[in-house]
Amino acid sequence: MAGINAKPVLSFKNKLRIREYAEGYKLYDIRRGRSAGREIKASLFFFLAMAMLFMLMLENFNIPKLPVCTIVLLICMYMCSYFIYILPNMAKLKGEHIYKSSELISKEYSFEFYKEYFIMKNEYESLKRYYTELSDCLETDDIFLLIGGMEKKVIVISKHCLEKDKCEKLSSFFQKETIRQYRRTRSRRRKKKQ
């Protein structure tokens, strides 16, 4: 355990934008919420749809002869789009709603990272979280997302108000301290040719 007078490894102030929190909440939902396992669920409906399509092809698409196959095919197509697109977008909208309805999320927080834990506080609240409490530590191009703990399960740290060196230091710190939980998502942005 770090001593009482231990200095933080890294400290900074951070303020979230609504878009960043919504993206973080969407990722949380994909990892731990209703969207968890969405690829498997969508794949099952996709293969069922392919089976129904195959049966319709065998009957030369005679829909009146196989109405159940047609109905199941349409339901499967909807369920595929539900798990892949609709459910994650609903989570993103819920994240936006949480951000708008909470006065604390939009406040500026100060973060202090120590070897075993971090402290997050502003003028109204303070939270101390040990890294062992985290179930996931995700990094994207725009945010760091920390998932876990009893209260405030979703903590989003914006990269837009961090200097590049602090961002890289925090990334390498998470890679070392949260080895099992840390994941870096693939970049959606194309690298510009220099």
Quiz prompt | Cα-Cα pairs of the range 46-109 separated by more than 15 Å (percent) | solution = 63
Quiz prompt | Solvent-free Debye scattering, log10 I(q)/I(0), computed from the Cα coordinates of the range 1-109 at q = 0.13, 0.21 Å⁻¹ | solution = -0.68, -1.01
Quiz item: Using the Cα gyration tensor of the range 82-125, with a ≥ b ≥ c the square roots of its eigenvalues, what is the shape: rounded (a/c below 1.5), prolate (a/b larger than b/c) or oblate (neither)?
Solution: oblate
Quiz item: With a ≥ b ≥ c the root eigenvalues of the C-alpha gyration tensor of the range 86-194, is it rounded (a/c under 1.5), prolate (a/b larger than b/c) or oblate?
Solution: rounded
Quiz item: What do you reckon, how do 184, 129, 31 stack up by accessible area (1.4 Å probe), largest on top?
Solution: 184, 31, 129
Self-check item: Virtual paramagnetic centre 7 Å along Cα→Cβ of residue 124, amide N under 18 Å, in the range 62-101
Solution: 95-101
Exercise. Would you mind pulling out the separation of the Cα centroids of the range 108-155 and the range 1-76, in Å?
Key: 25
Quiz item: In degrees between 0 and 90, to the nearest 10, how far off the longest principal axis of the chain does helix 67-81 point, with axes built from Cα atoms?
Solution: 20
Quiz prompt | Of 41/100; 121/169; 26/107, pairs whose Cα-Cα distance is over 29 Å | solution = 41/100
Self-check item: Rough spin-label spacing in nm, given labels placed 7 Å along Cα→Cβ, for residue 50 and residue 11
Solution: 5.6
Practice problem: Just need the Rg to Rh number for the range 1-65, please, alpha carbons only, Kirkwood Rh. | Solution: 1.45
Quiz item: To the nearest 10 degrees, how steeply does helix 87-101 sit against the main Cα axis of the chain, on a 0 to 90 scale?
Solution: 40
Self-check item: Whole-Hz couplings from phi, Karplus 6.51/-1.76/1.60, listed for the range 130-142; x for Gly and Pro
Solution: 7, 5, 5, 7, 7, 8, 8, 9, 10, 10, 10, 5, 10
Exercise. Would you please state the base-10 log of I(q)/I(0) at q = 0.12 1/Å for the chain, with intensities from the Debye formula using one equal scatterer on every alpha carbon?
Key: -0.69
Practice problem: Quickly estimate the mean residue ellipticity at 222 nm for the chain, helices only: each DSSP H run with n ≥ 4 gives -39500 (n - 2.57), and the total goes over all residues, rounded to 500. | Solution: -13500 deg cm²/dmol
Quiz item: In debye, nearest 20: dipole of the range 35-140 around its Cα centre with unit charges on the Cβ of K, R (+) and D, E (-)?
Solution: 360
Quiz prompt | Helix 18-32 vs. the chain, principal-axis angle (Cα, 0 to 90°, nearest 10) | solution = 60
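The values are calculated or read from the model by the stated rules, or taken from the named source; none is laboratory data. Computed from a predicted model, the values in this text were never measured in an experiment. Don't worry about glycine lacking a Cβ; one is built from the backbone with ideal geometry, like all the others, and counts go over all protein chains shown. For the accessible areas, the whole protein counts, side chains as well, though only heavy atoms, and no ligand, DNA or RNA atoms are used. Shrake-Rupley method; radii C 1.70, N 1.55, O 1.52, S 1.80 Å.
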